[in-house]
1. Using Cα-Cα distances under 8 Å and only pairs 6 or more residues apart, what relative contact order does the range B:66-183 have, in percent?
2. Once the Cβ-Cβ distance between B:Tyr477 and C:Glu252 is put in as r, and R0 is 41 Å, what FRET efficiency do you end up with, to the nearest 0.05?
3. Say R0 is 25 Å: what FRET efficiency, to the nearest 0.05, do B:Val139 and C:Lys159 get from their beta-carbon distance?
4. Just in the range B:107-196: which trypsin sites (Lys or Arg not before Pro) are loop by DSSP and have at most 14 other Cβ atoms within 10 Å?
5. From the phi angles alone, apply the Karplus equation (6.51, -1.76, 1.60; θ = phi - 60°) to the range B:102-110 and give each ³J(HN,Hα) in whole Hz, x where the residue is Gly or Pro.
6. In vacuo Debye scattering of chain B, one point per C-alpha: log10 I(q)/I(0) at q = 0.05, 0.08 Å⁻¹?
7. Which of the three applies to chain A, rounded, prolate or oblate, going by the alpha-carbon gyration tensor with a ≥ b ≥ c and a/c under 1.5 meaning rounded?
8. Can you give the log10 of the normalised intensity I(q)/I(0) at q = 0.08, 0.09, 0.12 Å⁻¹, computed with Debye over equal Cα scatterers of chain C?
Amino acid sequence: MRKAELAMAVVMGIFSLYLMWKSAELPIGWIQGEGPGGGAWPFWLAAIMLISCITIIIKWVRRTSPLSRSDEIYMDRGTMVAVGLVAGSLIVTVALFYVIGVYGALPLFLIFYVRYLGRHTWPVTAAMATIAPVATFFFFDIALKITLPKGLPIVEETIFYPLYKMFL
Amino acid sequence: MGEILTLLWGGFLIAFEPLNLMLIIFGCTVGLFIGAMPGLGSVNGVAILLPLTFLVPPTGAIIFLAALYYGAMYGGAISSIMLGIPGASTAVATTFDGRPLAKLGMADKALTAAAVASFVGGTISVVLFTFFAPPLANVALRFGAPEEFALMLLAFATFVGLGGDDIAKTIFSIAIGLVLSAVGLDIISGEPRLVFGDIPGFMRGINFLVLAIGIYGIGEMLWTVEENHKAGGKSMMSEAVVTVERTLNNLKELLGTWKTMLMGSFLGYFVGILPAAGATPGSLMSYGIAKQISRDPDKFGKGAVEGVVAPEAANNAASTGSMLPMLTLGIPGSPTTAILLGGMVIWGLEPGPLLFTQNADFVWGLIASLYAANLFAVIINVAFIPVFIWVLKMPFTLLAPIIFLLCLIGGYAPTQSLHDVWLMILFGVVGYFLRKLDYPLAPAVLAIVLGPLAEPALRQSLLISNGSFEIFFTRVYSAPIMIAALILLALPLLKPLMGHLRRKKSKA
Amino acid sequence: MIQTKHQLCGLGLALGLGVAAAGLPQAAFAQATMAWEPKKPVQFVVMAGKGGGADKAVRFMQSIIAKNKLAPVPFTPINKPGGSGAEALVYLKGKKGDPHTIMFTLNSFYTTPLRQPALGVNIEDFTPIARMAEDTFCLWVNSDRKDINNVDDFVKAAKAKGNGWIMAGTGKASEDNLLTDFLNSAYGLKMKYVPYKGGGKVAKELAGNNADSTVNNPSEQLGFYEAGKTKPLACFTPERIDLFKDAPTFKELGKDFVYFMQRTVVGAPGMSKDAEAYYQGLFQKVFDSTEWQGYMKKKALQGKALSGDALMTYWKKERAVHKQMLMKMGAIKG
């Protein structure tokens, strides 16, 4: 925890500096007769972020905050694997939206999660992987007319054009 | 008075026509589910179903959409409580205590409290609406940029002390939320700002929902994955059960919160009336005040029923309130009413000061249908509580992928852009790491809601006043709000000082 | 009709005499010439946020199309309000060749690419579908100002207050800002321009006496006008607007200045000719519908339907005009 506390404060401090630099693209000072310039709001607030980070670091050095004294492990190996797998699978799923679309990627995600992370039986997995995407399709694409990403044009043309024709 | 009652009676006759009654029930039910879906909420629900309304006459159309609006306000609490994900900005405050209650195995209590408080807030506000619409419209009209800024400052002030124990981390969270709220376009200078990497998706700014679903949806779920991992795969979302006895007890306990309900209802209604404020600041302020006046403020954030009651009474009251400027001034009091206004154009009605006289049937039919919509929404909502509780008892490994799915689609649906989905995952992961280090994240979410309302109002005021801050203290409506906000902001600083002085005195 | 003719030509070239020689029956021929139609929901991009004027118009057109069953698929509005339309323009540009994406534009269609050349947007690339209307502008003051009844009174009052005179408008370098600059230079005023988010908000600021004057569209002020809260002094139109017969045009007052805001449907760049023809035909039908005509009348919208090359010529002309205005304002350099 101790190391993580410092690392996070440093990373966020650097991020604040970046935000300050980026905000300074617009005037950050007071414009006579107009009030603060366009960059002032984000610039000075990012400066407050930076001060907060520095305070956290000072507390860390002086060991006055609870986390700076904590010997607990920030993330043990098991947690890292469990959380990493879930987060990773989400990223892969969204990346697949571009290729095979929501309705190709969601069943894969559900199979992975239910079968391999959840260790449920195949029938349960299969039920989830079919019912959820079908319900999603009818709720979003058909009832609410929110067209979810279909991936490459070829996927949409071959699979979804007939479906649109049938239900829309 | 008598005249109003006659008109209202006429309105009830319209609202209870079979077609309109069906529309109310249908609208409430659809709204409930749309509101419960993270990412959809009343704004998108109304926008999406707007084209359906040409099938019915205008009065039926507005009745349907108003019922949908109401249903969605009720439904917003459901995902806040069950999943900890606010479906819309109006339901953020409901997560603060709704989610802890669900985790303690009292999801049924929280859901009942939300439904009842919504009903009370909705009903009180409709009564206020019925009798005091036109005079209040004039107050709303006088509300300019200085008043808006004062109100936002007041909303912030009521939230002092919401954060965690570490003040530096709380301030960090508020500041990052406000900075992120500035992404996109600076409307005063017309220049783009903070468009990271020139990615077009940042030009429209960072939607509140992206941050909220990221932090409360993805981040919270990753956190639960960790807990679940540590508990050996045994944890559940909530272990609540529903029995008649429990429900009666819940209701009995709710009777004790009548003061909070009344406060939330009145506050929500008056804030809702103010143009551009809407239900979100109303529900946040209501929560903040409920905490300040509570005899047991430490319970807030850990599962206080008042913490659910206050924002829910306020957000429903505010949604009625926000119809007032829409009908009488033709300006929206909330994003949802902005779309309802568009609907009125489609139906061929001209909102504005003359609507009450020229289209009395429409107005009074709408008002009467709000009474009815409230009643049906609470009945439908309570009837579904056992279903929701049953869903929560599904094994975590089955529920989790469904919630992730809802988050991904909920992040996509409002803007239909994958940019927002990526951003949401990023916020979720960073939020998870920050949360592990005890950074409070609720202030960031609040800041991103209030920031885009506060900053332009501040700068517009200063433009008008030639850069002088006097403008906030010399206007009839802004001065008292501003002073109240400053006092509230100063209180946490004064308290220790006063304590110090008192101690000194007693020593002497 | 346009698309059928076009299809016939194309088919004639493609199949030549072969088809006729093969002696295919007439029915098969008709089948083959069936015009292009959208096959999936059409994205109708709005350059502004939900609930604004453009958004309302798009949702209105969407309902006309659905109600009269003019298209086989739904039209779904998508709001891309970022960067005064920059986000929407970049998005549409990226949809090159996509026949299922169209957009509804305003005058930021000209000004945004001019002000932000880095976007690399050339409006000549887009497919001209249909100009649905031209919105008009008038100069408005609050009715409480009994001392202001015409433009002369207005000039006198505004001069007296110098830069303390607040003109509310819809954004920097927007239509309202251009008109304010025009008034300032034409009458030697120093009005202060304060940008707000959206025309409805601007109208309310005037009605609530939080601003001294505005240059709203009639549709934005109509509610307040009818309730006697605000009044138009003069309009930036070639002829008087029917709704406000008493308000002269600036032309009558000796300032030859006319300004409109286009309300136009554009298609993604590189759309096929067939798709272009389809949308042109569709929006002509929308334009001719009684609903749209009634809407135009009620909202004091003007302008005939314009499409294809005529629309492109109009764009080029308007872009040149806006370039001049922005340069004069100092918002862009030569």
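1. Relative contact order comes out at 13 percent.
2. My answer for the efficiency is 0.50.
3. Details: r = 33 Å, r/R0 = 1.30.
The computed FRET efficiency comes out at 0.15.
4. none
5. With coefficients 6.51, -1.76 and 1.60, one gets 4, 5, 7, x, 10, 4, 5, 5, 5 Hz.
6. For the requested q values the scattering log ratios are -0.18, -0.48.
7. Working: a/c = 4.01, a/b = 1.55, b/c = 2.60.
Judged from the Cα gyration tensor, chain A comes out oblate (a/c at least 1.5, b/c at or above a/b).
8. -0.42, -0.52, -0.86
Read the figures in this text as sums done on the coordinates, not as results from a lab. Since this is a predicted model, take the numbers as computed values, not measurements. Because the Cβ atoms are built from the backbone with ideal geometry, glycine has one as well, and the counts that use them run over all protein chains shown.
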